[in-house]
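Trainee: Below you will find the structure I want to go over with you.
Throughout, read-outs are computed from the coordinates displayed, never taken from laboratory work. Bear in mind that the values here come from a model prediction, so they are computed numbers and not experimental data. Note that we place each Cβ from the backbone using ideal geometry, even for glycine, and neighbour counts take in every protein chain shown.
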Amino acid sequence: MKCKGLFAELADYLDEMLDPALRVEIEEHLAKCKNCRVVVNTTKKTIEIFCNSEPVALPEDTRQRLHSALEKRLRRVQA
Amino acid sequence: MGSPKVSPVPPTPLPSQVVKDDEPILVAAAKSGDIAAFETLVGRYERKIFRLTNNITQNKEDAEDAMQEAFLKAFEHLGGFQGNSRFYTWLVRIAVNQALMKLRRRRPNLVSLDEEIDTGEDTIPREVEDWGPSPEERYEQTELGSILSDVIGELDPSFRVVFQLRDIEELSTEETAEALGLSIPAVKSRLLRARLKLRQKLNRYFQRGGNS
């Protein structure tokens, strides 16, 4: 497999959805090609960083407006 | 019976496990009109939904409106929620629609999400510098949050929304395709492009040897 071939399969490789034979081919290429290895590793890390990121707390005024809007509308819907 | 395990302290469930355990009970209570149960669900997901609408709209005011409308619509249409997917996944779909409406209103020339787009070159990027282990630990949590928000904001919306749903909200490819009215190949192609673009943008913060 060449770099271009790896790129064509990269989406499914990152999502671990490749059949085992193709996966082995990719991993053999990665063992030999430093550029692809760096790109794949840093792309995996990118996904991991975003996936693990915690959302920050809502600004207090935003939160208050949300809950007051909900209270008004929910009680009206329920009435 | 006869388990060899001796563990006096039961493992603490992860927050995600807690969510899965009591979510159907809260949803059922909210369906029967229990406002407090619905407010518990809101309190649980408000931060994530706000991050979602903020990442899509890139505008605080629109993000707040979209979040409010999403929760209100969810409550009003809860009777139609069949429980075939997780409540959170259903809520995300509603919030995405609200956020996209805001985005389109503010940016009428926005490329339609279902339009074919040029995904650029089809060769793997050339990159020789690695990031090293745990590059994100170089930053404080709030600073890292701000970096992530900035770089995702630089993406084209048609990539940004797909990445948001797949890799931040952790919807499946099929759920993402359904929520956005896209084909599965279109989701896969945009997701890969988004991931590679974000990787490239994060290079300037995470590459070995500094953050310039």
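Trainee: Taking the alpha-carbon distance from residue A:34 and a cut-off under 16 Å, which aspartates and glutamates remain once sequence neighbours fewer than 8 residues away in the same chain are dropped?
Mentor: A:25, B:127, B:129, B:130
Trainee: Sticking with this structure for a sec: Treating only the Cα positions of region B:15-106 as identical point scatterers, give the base-10 log of I(q)/I(0) from the Debye formula at each q in 0.11, 0.26 Å⁻¹.
Mentor: Each listed q corresponds, in turn, to -0.30, -1.32.
Trainee: For region B:131-212, what log10 I(q)/I(0) values come out of the Debye formula at q = 0.12, 0.22, 0.25 1/Å, with one point per alpha carbon and no solvent?
Mentor: For region B:131-212 at q = 0.12, 0.22, 0.25 Å⁻¹, log10 I(q)/I(0) is -0.39, -0.99, -1.14.
Trainee: Oh, and also: Please report, to two decimal places, log10 I(q)/I(0) for region A:3-79 at q = 0.16, 0.21 Å⁻¹ as given by the Debye formula with identical point scatterers on the Cα atoms and no solvent.
Mentor: Debye intensities relative to I(0), on a log10 scale: -0.67, -0.96.
Trainee: Next up: Past 27 Å, Cα to Cα: identify those pairs from A:44/B:48; B:31/B:188; A:32/B:197, in the order given. Each step should come with its number before you reach the end.
Mentor: Values: A:44/B:48 22 Å; B:31/B:188 35 Å; A:32/B:197 24 Å.
Cα-Cα > 27 Å for B:31/B:188; rest within.
Trainee: Work through the residues other than residue A:54 whose Cβ is under 10 Å from its Cβ and net out their charges, Lys, Arg +1 and Asp, Glu -1.
Mentor: Details: positive: B:47, B:48, B:51; negative: none.
Net charge in that neighbourhood comes out at +3.
Trainee: Apply the Karplus curve 6.51 cos²θ - 1.76 cosθ + 1.60, θ = phi - 60°, to the phi angles in region A:36-52 and return the couplings in whole Hz, x for Gly and Pro.
Mentor: 5, 4, 5, 4, 5, 5, 6, 5, 4, 5, 4, 4, 4, 5, 5, 5, 8
Trainee: Of A:17, B:101, B:67, A:1, how do they rank once you tally other Cβ atoms within 10 Å and put the fewest first?
Mentor: If I rank by nearby Cβ atoms, fewest first, I get A:17, B:101, A:1, B:67.
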